[in-house]
Amino acid sequence: MSDERATAVPDHPMIRAAIRLGCRAPSVHNTQPWRWVFDGTRLHLFRDHDRQLTAADPHARQAVISCGAALHHVRTAFAAKGWRTDTLRLPDPTRPELLATLEFQPWPDPPMGVFRRADAITRRYTDRLPMAEPIGWGSVRLALDDLVSPHEVTLDVLDEDARERLSVASEQSAALRRYDMDYQGELHWWSGHPSTPEGVPPSALVSASEQARVGVARAFPKPGPSARRGELRDHARLVVLTATEETPPTWLHTGEALSAVLLECTASGMSSCALTHITELTAGRRLLSSLIGHPGIPQVVIRIGTAPDDQQPPPTPRRSLAEILTVQ
C-alpha cells in the first residue's frame with residue numbers, strides 16, 4: 001500500500017484544473033506573485049520575484065501571504081477531487097523562492113467542508129463596497145476559529161467601537177502614502193486598467209462616496225462617480241489574522257488561513273474583503289495590537305459581512321495557465 005501511495009499522482013488535466021482554480025486566490029493588487037512546477041510526481045510553489053511590490057511590500061510579506069492563499073486554494077481543489085496533499089513548506093533554505101512542495105496520496109473521503117469551500121472558489125470575490133451585518137455570524141465564527149488554528153494564527157474579532165479608530169488609521173495610512181511617488185506609481189500601475197490579465201480592474205474599485213461609507217479601505221484610484229448600495233454604511237465585522245512571529249513560514253501560514261476564512265465565508269453566504277494596507281505601516285500595526293488585546297503581530301484585516309444585493313461583479317482577471325504552470 002505504501003508503494004502504491006508513493007507512485008499515485010493526479011493526471012495532467014487534473015493538475016491543470018486544480019492550478020486554474022487555485023489561482024483564483026486573492027493577491028495584493030492582484031499581482032498573482034506565484035508560479036508552479038509539476039515535476040511528474042510533486043508540485044512545487046515558487047514566489048515570482050518580478051511581481052513584488054517594492055514600495056508597498058519591500059520584505060515580500062504580502063507576496064508570500066498571497067502565495068499562501070493560492071497554496072490553500074490548490075490544496076482545497078485537490079482534496080475535493082480525492083487527493084490529499086502532504087505539504088513541505090520552505091523545503092530548501094538555499095532557495096527561499098521555493099515556498100512549498102506538495103506530494104500526493106489518494107483521499108477517498110475528505111471532510112464535507114472541503115467540498116463546500118472548493119465550490120466557493122469560483123464564487124469568492126473581494127467586496128470593497130459597504131456591507132450589511134453578517135447573517136449567522138456566531139456559528140461561522142466558531143468554524144473560522146477551527147480553520148485557522150492549524151496555521152498557528154489567531155482570528156481576533158474587533159469590537160464595534162474599534163471601527164472608528166481603525167477607520168482613522170486607514171485614512172492616516174492613505175495620507176502618509178499620498179506623496180510617496182514610488183508607492184503611488186505601483187498603485188496606479190496595478191489598478192484601474194481594463195482588459196489586462198492582472199491588477200485590479202475598474203469594475204472592482206469603488207468611488208469616493210462608496211469608500212467614505214466603508215471607512216476601512218485601501219485608497220485605490222477612483223473610477224468615477226457611483227453610489228452602489230444606496231446610503232448603506234458599512235456594518236461588516238472587522239477581524240484580524242494575528243501571528244506570533246514575522247517570518248516567511250508564518251506569512252505562508254497566514255495566507256493559508258486567510259484563504260480558509262474567505263472560502264468558508266463565501267460558502268456560508270457572506271461577502272469579504274482582505275486588507276493589508278494598515279499592516280504595511282508601523283503605526284497601523286501598533287493600533288491593531290492594542291485593539292486585539294493580546295501579544296502578537298497583526299498581519300491581515302478582513303471585513304466580513306452580507307452583500308445586500310445579488311449583483312456579483314465580473315471576476316477579476318487572471319494570467320493564463322501557460323504563464324504560471326510548468327509541467328515537466
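Coupling constants for region 61-70 follow from the phi torsions by the Karplus curve (6.51 cos²θ - 1.76 cosθ + 1.60, θ = phi - 60°), and in residue order they are 4, 5, 5, 5, 4, 4, 5, x, 5, 5 Hz; glycine and proline get x.
For region 137-305, a Kirkwood hydrodynamic radius built from all Cα pairs, placed in the Stokes-Einstein relation at 10 °C and 1.306 mPa s, yields a translational diffusion coefficient of 94 µm²/s. Counting only alpha carbon atoms, the long axis of helix 282-292 and the longest principal axis of the chain meet at about 80°.
For the peptides 209-217, 26-34, the ranking by mean Cβ contacts within 10 Å, running from highest to lowest, is 26-34, 209-217.
For region 26-33, putting each phi into the Karplus relation 6.51 cos²θ - 1.76 cosθ + 1.60 with θ = phi - 60° gives couplings of x, 8, 4, 6, 6, 6, 6, x Hz, in residue order, rounded to whole numbers and with x for Gly and Pro. Dividing the summed -39500 (n - 2.57) terms of all DSSP H runs of n ≥ 4 by the residue count of the chain sets its mean residue ellipticity at 222 nm at -11500 deg cm²/dmol. Taking label points 7 Å from Cα along the Cα-to-Cβ direction, residue 152 and residue 322 give a separation of 4.1 nm. Using a simple spin-label model with pseudo-atoms 7 Å out from Cα toward Cβ, residue 176 and residue 59 lie 1.4 nm apart.
Compared with the direct C-alpha span, the chain from residue 50 to residue 112 gains 18.5 nm at full extension, assuming 0.36 nm per residue. In region 137-305, a dipole from Cβ-located charges (positive for Lys and Arg, negative for Asp and Glu) runs towards its positive end, and of 243, 173, 226 it is 226 whose Cα lies farthest in that direction.
The value of relative contact order for region 137-305, using C-alpha pairs under 8 Å at least six residues apart, is 30 percent. Once the Cα atoms are used to define both axes, helix 248-267 deviates from the longest principal axis of the chain by about 80 degrees.
Which label marks the calculated value of mean projected area of the Cα convex hull in nm², given the options [x] 23.9; [y] 16.5; [z] 19.2? Correct label is [y]. Between 0 and 90 degrees, rounded to the nearest ten: what's the tilt of helix 12-22 against the longest Cα principal axis of the chain? Between the helix axis and the principal axis of the chain, the angle is about 20 degrees. Reducing region 112-189 and region 283-309 to their Cα centroids gives an inter-centroid distance of 8 Å.
Return the Rg/Rh value of region 285-328, two decimal places, where both radii are evaluated on C-alpha atoms and Rh is the Kirkwood radius.
Values: Rg = 18.9 Å, Rh = 15.4 Å.
Radius of gyration relative to Kirkwood radius: 1.23.
Laboratory data are not the source of any read-out in this text; all were calculated from the coordinates shown. Quantities reported herein were computed from a predicted structural model and do not represent experimental measurements. A quick note on method: Cβ atoms are made from the backbone with ideal geometry, for glycine too, and the neighbour counts reach across all protein chains shown.
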